[in-house]
Each structure stands twice: as C-alpha cells, then as structure tokens.
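The values are calculated or read from the model by the stated rules, or taken from the named source; none is laboratory data. Just so you know, these numbers come straight off a predicted model, no measurement behind them. Backbone-built Cβ (ideal geometry, glycine too); neighbour counts: all protein chains shown.
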Amino acid sequence: SVFTLDPEIAKAVRTTFVSLYKKGLIYRGLRMINWCPRCETALSDLEVDYVEEAARLYFVRYPIVGEGGMPLPDYVTVATTRPETMVADSGVAVNPSDDRYEEKIGRMLMLPIMGREIPVVGDDAVKPEFGTGAVKVTPGHDPNDWEIGQRHDLPVIIAMDLQARMNDEAGPYAGMSAEDARTAILGDLDDEGFLDHVEEYTHSVGHCSRCSTVIQPLPSEQWWLDTRKEYEPGHSLSGDAAAAVRDGRIGIVPQRFEKVYLNWMDNIRDWCISRQIWWGHQIPVWYCENKHTIAAVEDPAACPECGGALRQDEDVLDTWFSSGLAPHADLGWPEETESLRYWYPTADIQMGYDIMFFWCARMVMFGLYNMRERGSEGSMPFRKVLFHGLIRDANGEKMTKSKGNVVDPLIMAEKYGADAFRFAILTGATLGSDQRFSDERMIAARNFANKLWNSARFVLGKVGPREVKSPHPADRESFALEDRWILSRLEQLESEVDFSMRAYQLGETARSIEEFLRSDFCDWYIEMTKVRLAAGDERPLAVLLHALDHGLRMLHPFMPFVTEELWQAVRQRIDGDMAAQLIVAWFPKSGGNWKDASADAAMEHVIEVNRTIRNVRTEKKLEAGARPTVFLRAAGNRWALEETLSATIFTSRVDARVVAADAELPPAEYGFGRVADTEIAVALPEVDLAQERARLEKELAEAAGHAERLKKQLANEQFRAKAPETVVAGMQATMLEAEARASGLRERLEAL
RNA sequence: GGGCGGUUAGCUCAGUUGGUUAGAGCGCGUCGUUCACACCGACGAGGUCACUGGUUCGAGUCCAGUACCGCCCACCA
C-alpha cells in the first residue's frame, strides 16, 4: 500500500510537475480564482458547490458626469446582487446594440459614495434584457467583470482582504466584514437617494465544498495546468483523455457516464493546482535572489544560473494532482519497476461517479502523458472504469458530515459484519444508481450470511472427518434425481454468474448466487438429503460438498470473510487439488457437463407436487403433527415421484404413495390438487364439500384461463411463423400441462 | 439554458440482446419446538410495471410525448 506523501510518490509528483512545466503546460499566472476566506486557499472549479439562494437585486443610480466634472441630473441605473463590491467598480458596461444606452457609451459616471469617475463601456457580454441592461463592472471581484475589464483596460481594484474583510480601498467601510459593508453601503445609498429600488431575486452562490463558506472570486497569482495545450503535435492532456474514451480504449460502465465524461473533458478549463494550505506536496519550484525560477525533481542547493540562494514556492499542490498519478506512481513510476511492467495498465477500476472529474479524468490524463512511451494502448491507466452510485441516508438525502447523517462502515461492520455490509451494498442497487441506506437490508444480508454458515455447518457435520471425491459427470447415472438436479442447477448458475460478471452486473450476480443457495440448495436439496443420509446413503455427501465448494467460490467476491472461513474447512474434506486460500482459488465456470434438462423438468414437477401437498395441508388446516395419507396418481412423471418419495414423505410430513393414474382410491374424504398430469389426493378427516368445491373451482379457473391464453397465442399464425421455435415449443408444452391440470380438476369437480 | 437518471407489491429494490402465469428481501396473515439455522421453516395475501399514444404476432423491456421526483454541467450582473 501507498501513502500520498511517501517519498516515492513525491518523486512521481515532482517528475510529473517538472515535465509539464518544461512543456509549458504548467504555468504561474494572475487569474480570477475561487478563494475560500476561511480555508484561506485557492480552490479549483470542481471544489466549489453552487447553491440556489434567495437574495435581492439592488438597483443603484450612477449619475452621469457633465462637462467640468459636474454630475448631471441624468443617470444610469445598474442592478447588482453585491452592492458592497461597488467600492471597487471601475466602469459600467452596456450592450453596444442597446438603443437605450447607445449615446452613453464613452461618457463618464460618478460612482456614488466613492465620488470616483468611471467610464461607460460597450460590451457584448451584457444582456440587454437583464435588469436595466447596464451592469457595474468590478474586475477585482467578479469573473465576468474581470473579463470585461481586460477587454476595456479598466483598472482592477481589490477592496477585500483574504479573510473577506473590506480593506483601505473601501474607504469609509474599511475593516468591515462584507456583510456589514453591504448593510452600511445600502443605508448610505438610500440616504443619498442613489438607491432606486430593490427586487427579490434567486441566484446561485458558490460555497467551499469543504467548509461551506461563501467563495470570493479574487484575482490571484496561482499555478495552473493547461490541459488543452499541445505538448507535442496532435497531443494534449485533455484531447488524448477524451480520445481514449471516444474510441473505446477505455470503457466506462455504465455507459451513460461516457457522455458526462466527454462533455467535461471537451469543455475543460485550466486547472488551478496550487493551494495555500500546509498539507500536501510542496510545489517543486525555487526562486533565487536574482529572480531566476527553477523547477526541479531534486532539491537544488543553489541557483544553477547564478549560484544565488534559493527559496521554495510555499504553495502545495491540489491533492488530486498526486491522486491522479496513482495507477502508475503506485507501481513505482518513474522507475521502470517490475510491478509497473507487469501490472500497468490495470484492467478495472471502480469509484463513485461523484469523483469522475476529480479522479478518473486526472488519472486518464496523467497516465496517458507519463506513460506515453508505451503507445496508445499501453499508456492507458485502466481498460474499464466502473462508476457506482452513492449511499444516501434512509430519507434519500445525501450523506454529509455537516448534516451528521453519515454511516461509519466500521460501525456497520461491527453491528452486522463486514460481509453483510458489503453484500447489502453490492446488491442494494444497480451499478451507477444511488441507494438508500437501510438497516433492513443490513439485517437481511446478515441473516443470509448466517444461513450460509449454518448450511455449511450441516454439510461439514455430515461429511465428518473423511475426504470426499468430487462427483464426476461420467458417473451421472449413479446419482439420484435430486443430485443430478442440483448439479445441473449449479452449472446453470455458473453460466449465469459468468455472463453477469462479464457484463459487470455485480448486484445481479450476487443475487443469483444467493437465490441458488437459499432456495435450491438449502430449501430443497439439503432437506431432501436428510432422509437419505439418515438411511445411510452416503452418495449425497460428495454432491453437498461440491455444491457448497462452488457456491463459496462464487460468493467469495461478495462475502469474502465468511466464505474464506468456511472454505478452509471445506477444502480439507475434498480429495483433490485445492488452493491454500479461497482468495487465490479458481473461480467456477460452466462446462462441467452437468446440465440435465430431464432432471430439471422432473424435479420441477416434484417440487410443485410437494408445494401442492403442503398447500392442501395448510388450507385444510390439518394439525401440524398430522401425517395424512397422500395418493399421487401419476402418469408421465411417475418415476420421478417414486424416486423422491421418501423425501416427499419426510419434507411434506405425509404418508405418501405413488399410484397409477387410473388407480382406484380407497374410499375416504380427500382434498385434491393437481400438477400437470399428476393428481394429488390428501386424505382428510372430514371435508367441507362446499369449501372443497370452491377451492377446486378457483384452481380450475386459474388453470383453464392459463391454458386458454396460451392456446390463443399458439393459434396465432403470425406468432407461429415469427416467434423462435424454442418459445413456441415451450409454450406448447406449458399449454398441454395446463390443459392436463384443468381437465383433471374438471373431472374431480364432477365427481364431487 | 443544456444533459442524465428515476417512477415496478405497504417499504427498499432487481428485472441488458421484447417471448410462456413480473421477482427478491423486509413487512403483513396463518401455522410450526421435523436432530444446519427462530439471525429459522412451511403456506398464503399483495402489483392495470406513473400516464398517453405508437411499433410488433407479442412491450415492464423499443420509439414519441406528458406529469412528478432527483442529479450533473453552464461566468443567470
């Protein structure tokens, strides 16, 4: 692992800085910057959060100055949201095409209160429809005005210090906070009749993303990185970074974020990389007493030009400057290390979409630049970047420290377990979408981990100290129906997992594994093995262990700790080549030749029959301890029902027997059910005929309706012609089953 | 002003090449001390997939539009 201020990283940072400096991409310049008066540092555009705020728009009259410097009774009214900055006004701008002000351009105005004369200039940036169409120009305190000022050569007056207090330029308001100055100035304007009127107004105000203090735009000398400038013909940092995504060398998942990335990259502006804080990499630039400037990787002892004494620039770099180097710097760059050779570029990287610009964009730019000797493929920091969503609080609000609604992962791990926390978040939403934090989900995940633990305990307990050989498909015939079924299901799961993992559908993957383990493995397979194991049949052991082994392997990325712990026990019971740890063990993939369509279909039937038995039990309110006699009048699936009969007897708590479809039932009262061509008759102590009829009618309506819908669909020529064969065939089969069920129920009703 | 996402069971959310009766967990109802698990099990109730129109043999899924919620970007004096 690596720490930002490690010497190796410092070297990478300095090497990058010096290289870019020599190429002329990094420069020092006086520009309008975002200044946080509380942190007392410059910020990049990305570190400013804009918030809509209710404010006021103040309309102030600026008298026109006549010959000899005397104010005329005529005036230009300007609209401003920040009257306190008027002390630093150096002009008033109007749109040159605005008839109202055409003749005013070039005239002088008297700045109220200050008494200074300022010119009226024409500038296209002014929108005639806004306010009065005339805007006061304050180049020292507004980015737009800075631009206008530059175009018209207006002086830059800075009337605030770095803590946002009014300075001597503010005359009578010197020493006041901006807020106090605003109140005082408005009072004075009003007293002297310069305040025309005030309107309610909403606009967005920039705040420091760290401390929420209102940002002051100020002209300041800072270090900048020009990402658009070509460092060699045809290549710029942002141009290359956009191209890499555009031509698919770097894939963004989910894809919709591509547009966001490109939009930002294509409209990128110079990055302010210097900060006036104490923590960070100090800028590797030195100044000598003779005004030489030296950028160097190693600290120079004296000025290489004149030998004079040196002073290092006091600013530090934006931390994202070093973070952006992570993919190659962490591997040892600028040294040609073994790790760098082997691991760069990495395959996948993952982050919240909220740091796409901060981190991802910078990693791409720096990676492509620093590693450019490797060519367009080899220089990329990663091939795929996954953007996950944000965790919001239970009310859907963004988690922030100031709101105090954050969730501490360590506390969650303590409360529910690290695996449960991880699993809940991984399965909580689709990749790229936000999710609400919910304790219910944490509990559910914890319960699943517990369930897994207990199921493994069962398997391991039954296997005992022996070593078991994994089942082999060649021996398929020697396995029971449910064995073949669970192995088939496992293999099907493996294909699904392979598919969804390749598509980066992490949540879907985890959910399908959970579904398999909970439902197929625990609810059905384990339950069905109990009676066999009790009878001394050891064949299920190998299957149990095999399914558990593979399940743990697949679940490992989603629940690393529990699975590793359990697998340590599993690996010792399996006779074969097993890795020392699950984390380095191979990941299952399909191809084991266990798929078995007939077992799938047969078991599905068995499961449905058992469900029906239990349903009748419940509906007829049989006592929990009762073991009613059940006749399964079977046709096509008779063999399957017979093979699993003992499991049915055990898990559905009945005294069941399979008979031929046309077998006579001994005289008794029965509750009936039907699955495809199998009739289920549950002997009952008494039958409420009306209730039984109602139940059967409901079932019949369901089955008949279903069959009817499918029949109609199948009768459609267009459908038969255009739908894929498998769909038609599958529907045909389902329709026949539904019909068999319906006709069986109909017969039963008539018999009643 | 641009761009993007969401709207599916009471709640939180899945549902990726359109295809047989739309799923999970939680919650709810009934039952249960069967030797892995009550952090459990069995059975069940619960959805016109926001709305309108279109394409198609077939639409939660594709297209167009509407409504509401949310996010991102942009120098709205």
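Hey, among A:ALA681, A:ALA733, A:ALA704, A:ALA715, which residue is surrounded by 14 or more Cβ atoms within 10 Å (Cβ to Cβ) and more than 28 Å from A:GLU623 (Cα to Cα)? Before you say what the answer is, go through the steps one by one.
Working: A:ALA681 fails: more than 28 Å from A:GLU623 (Cα to Cα); A:ALA733 fails: surrounded by 14 or more Cβ atoms within 10 Å (Cβ to Cβ); A:ALA715 fails: surrounded by 14 or more Cβ atoms within 10 Å (Cβ to Cβ).
One residue alone meets the criteria, A:ALA704.
If you take the residues of segment A:494-535 that are among the small types (Gly, Ala, Ser) and in contact (Cβ under 8 Å) with a residue 40 or more places away in the chain, which of them is nearest to A:PRO254 (Cα to Cα)? Full working, then the answer.
Restricting attention to segment A:494-535, the residues satisfying the condition of being among the small types (Gly, Ala, Ser) are A:495, A:500, A:503, A:507, A:510, A:512, A:519, A:534-535.
Next cut, in contact (Cβ under 8 Å) with a residue 40 or more places away in the chain only: A:495, A:507, A:510, A:535.
Numbers: A:SER495: 22, A:GLY507: 13, A:ALA510: 18, A:ALA535: 52 Å.
Among those that are among the small types (Gly, Ala, Ser) and in contact (Cβ under 8 Å) with a residue 40 or more places away in the chain, it is A:GLY507.
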* Structure fact -> Exception for A:ARG100 within (1) under 26 Å from A:ASP180 (Cβ atoms); (2) within 12 Å of RNA strand B (Cβ to nearest atom); (3) at pLDDT below 95 falls at (1)
* To do: Could you figure out which of (1) touching a residue at least 24 places away in the same chain (Cβ under 8 Å); (2) within 9 Å of RNA strand B (Cβ to nearest atom) isn't true of A:GLU491?
  => (2)
* Asked: Mind checking which pairs have a first residue in segment A:602-629 that is of a type in the set (A, V, I, L, M) and a second that is exposed (fewer than 14 other Cβ atoms within 10 Å of the Cβ), Cβ under 8 Å, 6 or more apart or different chains?
  -> A:ALA602/A:TRP639
* Might you check whether a residue that is assigned to a helix (DSSP H, G or I) and away from RNA strand B (no atom under 14 Å from the Cβ) occurs anywhere in segment A:191-206? => yes
* Between residues in segment A:313-337 that are of a type in the set (Val, Ile, Thr) and residues that are part of a loop (DSSP other than H, G, I, E, B) and buried (at least 23 other Cβ atoms within 10 Å of the Cβ), which pairs lie under 8 Å by C-beta distance while being six or more apart or on different chains? -> A:VAL316/A:ILE283
* To do: Determine, yes or no, whether A:ARG28 is outside any helix (DSSP H, G or I) and among the charged types (D, E, K, R).
  => yes
* Among the residues of segment A:172-187, how many are in a helix (DSSP H, G or I) and either of a type in the set (S, T, N, Q) or buried (at least 16 other Cβ atoms within 10 Å of the Cβ) (or both)? -> 8
* Asked: For A:ARG653, which of the numbered conditions (1) surrounded by fewer than 14 Cβ atoms within 10 Å (Cβ to Cβ); (2) assigned to a loop (DSSP other than H, G, I, E, B) fails to hold?
  -> (1)
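Mind counting the residues in segment A:356-381 that are more than 25 Å from A:SER433 (Cα to Cα) and surrounded by 19 or more Cβ atoms within 10 Å (Cβ to Cβ)? Full working, then the answer.
The initial filter retains those residues of segment A:356-381 that are more than 25 Å from A:SER433 (Cα to Cα), namely A:365-380.
Keeping just the survivors that are surrounded by 19 or more Cβ atoms within 10 Å (Cβ to Cβ) gives A:365-371, A:379-380.
Of the residues in that region, 9 qualify.
Taking segment A:311-344 on its own, how many of its residues are hydrophobic (A, V, I, L, M, F, W, C), surrounded by 18 or more Cβ atoms within 10 Å (Cβ to Cβ) and outside any loop (DSSP other than H, G, I, E, B)? If you could, list the steps in order and put the result at the bottom.
In the first step, residues of segment A:311-344 are kept if they are hydrophobic (A, V, I, L, M, F, W, C); the result is A:316-317, A:320-321, A:325-326, A:329, A:331, A:333, A:340, A:343.
Subset that is surrounded by 18 or more Cβ atoms within 10 Å (Cβ to Cβ): A:316-317, A:320-321, A:325-326, A:329, A:331, A:333, A:340.
From what's left, outside any loop (DSSP other than H, G, I, E, B): A:316-317, A:320-321, A:326, A:329, A:340.
Residues that pass the stated criteria total 7.
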* **Members of segment A:119-131 that are surrounded by 17 or more Cβ atoms within 10 Å (Cβ to Cβ) and either more than 14 Å from RNA strand B (Cβ to nearest atom) or on the phi < 0 side of the Ramachandran plot (or both)** => A:PRO119, A:VAL120, A:VAL121, A:GLY122, A:ASP123, A:VAL126
* From A:GLU338, A:GLU414, grab the single residue that is of a type outside the set (Phe, Trp, Tyr) and modelled with pLDDT under 95. => A:GLU414
* Asked: Any idea which residue in segment A:382-406 is nearest to RNA strand B (Cβ to nearest atom), counting only those that are over 26 Å from A:PHE257 (Cα atoms) and surrounded by fewer than 14 Cβ atoms within 10 Å (Cβ to Cβ)?
  -> A:LYS403
* **Some residue of segment A:104-118 being more than 7 Å from RNA strand B (Cβ to nearest atom), within 25 Å of A:ASP161 (Cα to Cα), part of a helix (DSSP H, G or I) and in contact with a Leu (Cβ under 9 Å, 6 or more places away or on another chain)** => no
* Structure fact -> Only one of (1) in a helix (DSSP H, G or I); (2) buried (at least 19 other Cβ atoms within 10 Å of the Cβ); (3) within 14 Å of RNA strand B (Cβ to nearest atom) does not apply to A:GLY671, and that is (1)
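Between A:LEU696, A:LEU745, A:LEU749, which is in contact with a Lys or Arg (Cβ under 8 Å, 6 or more places away or on another chain), assigned to a helix (DSSP H, G or I) and over 22 Å from A:HIS605 (Cα atoms)?
A:LEU749
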* Of these, A:ALA510, A:ALA542, A:ALA579, A:ALA569, which one is surrounded by fewer than 18 Cβ atoms within 10 Å (Cβ to Cβ) and either part of a helix (DSSP H, G or I) or of a type outside the set (Gly, Ala, Ser) (or both)? -> A:ALA569
* Can you spot a residue in segment A:272-282 that is over 19 Å from A:SER322 (Cβ atoms) and either surrounded by 19 or more Cβ atoms within 10 Å (Cβ to Cβ) or hydrophobic (A, V, I, L, M, F, W, C) (or both)? -> no
* Run down A:TYR75, A:TYR62 and say which single residue is within 20 Å of A:GLU169 (Cβ to Cβ) and in a strand (DSSP E or B). => A:TYR62
* To do: Run down A:TRP223, A:TRP264 and say which single residue is in contact (Cβ under 8 Å) with a residue 40 or more places away in the chain and either within 13 Å of RNA strand B (Cβ to nearest atom) or among the polar types (S, T, N, Q) (or both).
  => A:TRP264
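Among A:ALA42, A:ALA88, A:ALA55, A:ALA79, which is the only one that is within 10 Å of RNA strand B (Cβ to nearest atom) and crowded, with 17+ Cβ neighbours inside 10 Å? Don't jump to the end; show me each part of the working.
Values: A:ALA42 fails: within 10 Å of RNA strand B (Cβ to nearest atom); A:ALA88 fails: within 10 Å of RNA strand B (Cβ to nearest atom); A:ALA55 fails: crowded, with 17+ Cβ neighbours inside 10 Å.
Just a single option satisfies the conditions, and that option is A:ALA79.
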* Within segment A:407-431, count every residue that is more than 8 Å from RNA strand B (Cβ to nearest atom), touching a residue at least 12 places away in the same chain (Cβ under 8 Å) and not in a helix (DSSP H, G or I). => 2
* How many residues are among the hydroxyl-bearing types (Ser, Thr, Tyr) and either more than 7 Å from RNA strand B (Cβ to nearest atom) or over 15 Å from A:VAL675 (Cα atoms) (or both) if we restrict to segment A:697-747? -> 2
* Structure fact -> Cβ pairs under 8 Å, 6+ apart or interchain, first in segment A:693-708 and among the basic types (Lys, Arg), second part of a helix (DSSP H, G or I) and within 11 Å of RNA strand B (Cβ to nearest atom), ordered by first then second residue, are A:ARG695/A:GLU619
* Given the residues A:GLN718, A:GLN691, which is the only one that is over 52 Å from the mean Cα position of the chain (by Cα), part of a helix (DSSP H, G or I) and not hydrophobic (A, V, I, L, M, F, W, C)? -> A:GLN691
* Where a residue in segment A:71-82 is without any contact (Cβ under 8 Å) to a residue 24 or more places away in the chain and its partner, wherever it lies, is of a type outside the set (Val, Ile, Thr), with Cβ under 8 Å and at least six apart -> A:LEU72/A:PRO63; A:LEU72/A:GLY66; A:PRO73/A:PRO63; A:ASP74/A:PRO63
* Does at least one position in segment A:200-216 carry a residue that is surrounded by fewer than 20 Cβ atoms within 10 Å (Cβ to Cβ), over 20 Å from A:CYS360 (Cα atoms) and in contact with a Leu (Cβ under 6 Å, 6 or more places away or on another chain)? -> yes
